[in-house]
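Engineer: The following block contains the structure, expressed as structure tokens.
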Amino acid sequence: AILLGVAVGNLVRLPGRYAAGIHYCESRVLACAVACMGFGLSFTAIGSLGWRAGGVVVLAVSVALGTALALARFVKLSKETVWLIGIGTAICGSSAIAAVAPLIARERRQVGISVGVVSILGMLAHTIYLKALI
């Protein structure tokens with residue numbers, strides 16, 4: 001779906017009358033959708049995982065963010081873009097990027113690059129995982 005969106009977005013020029021609706025959906029509607037996903041979590045469900053699982057989650061998030069920041073020295077991306085990629089990798093992909101982008105990103109380009117990188121990394125990870133199962 002993301003690749004289709006990239007193709008359509010680059011090959012088809014939508015009339016200007018859609019710009020306001022697209023901007024509204026990518027900011028307000030997407031942020032509300034991400035918040036609604038959080039309503040499905042309960043402290044009881046999180047607590048039932050136990051301390052070990054909680055520790056693994058904290059460790060995994062820390063390693064993902066730390067790795068993103070460490071790799072930032074080797075790529076020519078803005079600090080904001082690197083943070084978005086780290087958050088997207090560590091938490092839940094594009095949804096996490098969409099949720100924090102208004103707080104971090106100064107440009108839409110930073111959000112687009114972050115979503116693209118995290119989506120490609122996710123596809124690669126799924127491919128590697130499936131190959132390991134077969």
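The values are calculated or read from the model by the stated rules, or taken from the named source; none is laboratory data. Remember, it's a predicted structure, so these values are computed and weren't measured experimentally. Neighbour counts are summed over all protein chains in view; Cβ atoms, including those assigned to glycine, are modelled from backbone coordinates with ideal geometry. For the accessible areas, the whole protein counts, side chains as well, though only heavy atoms, and no ligand, DNA or RNA atoms are used. Shrake-Rupley method; radii C 1.70, N 1.55, O 1.52, S 1.80 Å.
Engineer: Karplus couplings for the range 43-56 from phi (6.51 cos²θ - 1.76 cosθ + 1.60, θ = phi - 60°), rounded to Hz, Gly and Pro as x?
Structural biologist: Values, residue by residue: 5, 5, 5, 5, x, 5, 6, x, 5, 4, 5, x, x, 5 Hz.
Engineer: Follow-up question, since we're still on this one. How large is ³J(HN,Hα), in whole Hz, for each residue of the range 9-23 in order, when computed from phi with the Karplus curve 6.51 cos²θ - 1.76 cosθ + 1.60 and θ = phi - 60°, using x for Gly and Pro?
Structural biologist: Working through the residues one at a time gives x, 9, 9, 10, 8, 6, x, x, 5, 8, 4, 5, x, 5, 4 Hz.
Engineer: Hey, what number do you get for the chain at 222 nm if only DSSP H runs of n ≥ 4 count, each worth -39500 (n - 2.57), divided across all residues, to the nearest 500?
Structural biologist: Helix-only estimate at 222 nm: -24500 deg cm²/dmol.
Engineer: Between I128 and V58, what is the spin-label point distance in nm, taking each point 7 Å from the Cα along the Cα→C-beta axis?
Structural biologist: 2.6
Engineer: Report the full-extension gain for the segment T67 to C92: residue separation times 0.36 nm, less the Cα-Cα distance, to one decimal in nm.
Structural biologist: Extending this stretch completely gives an extra 7.4 nm.
Engineer: I'd like to check one number: the per residue accessible area of the chain, probe 1.4 Å, reported in Å² as a whole number.
Structural biologist: In whole numbers, the chain has 76 Å² accessible per residue.
Engineer: Hey, another quick one. Residue-wise, which Karplus ³J(HN,Hα) couplings in Hz belong to the range 63-74, taking 6.51 cos²θ - 1.76 cosθ + 1.60, θ = phi - 60°, and x for glycine or proline?
Structural biologist: In residue order, the calculated couplings are 5, 5, 5, x, 5, 4, 5, 5, 6, 4, 5, 9 Hz.
Engineer: Pop the C-beta distance of S78 and L49 into the FRET formula with R0 = 35 Å and round what comes out to the nearest 0.05.
Structural biologist: Approximately 0.50, to the nearest 0.05.
Engineer: Taking 0.36 nm per intervening residue step and subtracting the Cα-Cα distance, what contour gain separates V29 from R109 on full extension?
Structural biologist: Taking V29 through R109 to full extension adds about 26.9 nm, to one decimal.
Engineer: Turning to a different aspect of this structure: Using a 1.4 Å probe on the protein heavy atoms only, what accessible surface does L59 show? Give it in Å² to the nearest 10.
Structural biologist: Result for L59: roughly 110 Å² accessible.
Engineer: Calculated from the structure, Kirkwood radius over Cα pairs in Å equals which of (i) 18.6; (ii) 15.8; (iii) 16.8?
Structural biologist: Answer label, from the structure shown: (iii).
Engineer: Let me ask something else about it. Give the carbon-plus-sulfur fraction of the accessible surface of the range 1-62 in %, rounded to a whole number; probe 1.4 Å, heavy atoms of protein chains only.
Structural biologist: 74
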